[in-house]
Amino acid sequence: MYQLKLYITGRTPRSQKLIQELKERLDSNCGGNYTLAVVDIFDDPDSAYEDKIIATPTLIKTLPPPVQRIIGNLMDNERVMAALDIKSLKG
Amino acid sequence: MSKHILVIDDEEAVRKSFILALKKTGYTVDTASNGREGLDLFMKKGYDLIYLDLKMPIMTGAEVLMKIREKDKAVPIYIVTAFHQEFFDQLKDARKAGADFELLMKPIGIEQIRTITEGILEGELILEGDG
């Protein structure tokens, strides 16, 4: 099971698009074998400190270990999956 | 062609840290010590990325953000701030108006400025682990 958390800055059109595309890619790669929590940093700045967030948007993979954070062009979700080693279940 | 970055911050030490972090990257960095000066630069030149302080005299970062967004909806703007509710409250109006921006935590180190800037401008991914 992959456990992921996405930190965003408000529910802007850009962040909504990012969430949608990430979910589509995760559905494709992992089926139902993942959770994606979306955290609006304005609603929960304390979590951002705990998770050592330095910029938005940031995607964190908490499970399976090791914990990894990824910043940058998260729209390139194919590379995001590769960087976090989220493998496709499809052969 | 070199990419252009604008840093708007009233603290000289912060402006210097961005210049230092980015001087070997090949990017062109302009700095402004207040929002009015920053807006003047923005109107005269095009920028590929803007780092914007929140708490400044003359114009707040939130006011500058809204002015820039009236002219340019696309340029990436990173508000450089501590992640505290009291600072976030200043961005409420900008959020209600649908102004797009991202956040960069303050204080931030030289190496982090460089890697994040390259990530934003070159479309690269920055991977960090714990420890």
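Other residues with beta-carbon under 9 Å from the beta-carbon of residue A:52 carry, at +1 per Lys or Arg and -1 per Asp or Glu, a net charge of -3. Rounded to the nearest whole Hz, the Karplus-based 3J(HN,Hα) values (6.51 cos²θ - 1.76 cosθ + 1.60, θ = phi - 60°) of region B:93-104 follow the sequence 5, 5, 5, 4, 7, x, 5, 7, 7, 10, 10, 10, with x at glycine and proline. For region A:9-15, putting each phi into the Karplus relation 6.51 cos²θ - 1.76 cosθ + 1.60 with θ = phi - 60° gives couplings of 10, x, 8, 8, x, 5, 5 Hz, in residue order, rounded to whole numbers and with x for Gly and Pro. When the C-alpha to C-alpha distance is required to be over 30 Å, the pairs from A:52/B:96; A:61/B:24; A:5/B:92 that qualify are A:61/B:24.
Mean partner shielding of peptide A:74-86, defined as the number of other chain Cβ atoms within 10 Å of each residue Cβ, is 1. Each principal axis of the Cα atoms in region B:1-122 has its own extent, and those three values, largest first, are 37, 29, 25 angstrom. Counting only Cβ charges, +1 for Lys and Arg and -1 for Asp and Glu, the dipole size of the protein assembly as shown around its Cα centre is about 500 debye.
Eigenvalues of the alpha-carbon gyration tensor of the protein assembly as shown, scaled by 5 and square-rooted, set the equivalent ellipsoid semi-axes at 31, 18, 16 angstrom, largest first.
Per-residue mean of foreign Cβ neighbours for B:100-109 is 5 (Cβ atoms of other chains, 10 Å radius). Scanning residues 5 or more positions from residue B:106 or on other chains, those with amide H under 5 Å from its amide H are B:81, B:82, B:83, with H placed 1.01 Å from N in the peptide plane.
Please give the net charge around residue B:39, taking every other residue with its beta carbon less than 11 angstrom from that of residue B:39, where Lys and Arg add +1 and Asp and Glu add -1.
0
Multiplying the residue separation of residue B:89 and residue B:37 by 0.36 nm and removing their Cα-Cα distance gives an extension gain of 16.3 nm.
Per-residue shielding of B:114-121, expressed as the average number of other chain Cβ atoms within 10 Å of the residue Cβ, stands at 3.
Taking every DSSP helix (H) stretch of at least 4 residues in chain B, weighting each as -39,500 (n - 2.57) and dividing the sum by the residue count yields a mean residue ellipticity at 222 nm of -11500 deg cm²/dmol. Of the trypsin sites (Lys or Arg not before Pro) in region B:3-107, the ones in a loop by DSSP (not H, G, I, E or B) with at most 15 other beta carbons within 10 Å are B:23, B:24, B:45, B:73.
Each residue of region A:59-73 is assigned a 3J(HN,Hα), and the resulting list reads 10, 10, 9, 9, 9, x, x, x, 5, 9, 10, 10, 10, x, 7 Hz, derived from the Karplus form 6.51 cos²θ - 1.76 cosθ + 1.60 (θ = phi - 60°), x at Gly and Pro.
In plain terms, the bigger the Kirkwood radius, the slower the diffusion; for region A:2-83, with that radius from Cα pairs, at 10 °C and 1.306 mPa s, Stokes-Einstein puts D at 124 µm²/s. Working from Cα pairs under 8 Å separated by at least six residues, relative contact order for chain A is 40 percent.
Just so you know, all these numbers are worked out from the coordinates, no wet-lab data involved. Since the structure is predicted, the reported quantities are computational estimates derived from the model, not experimental observations. Cβ atoms come from the backbone with ideal geometry, glycine included; neighbour counts cover every protein chain shown.
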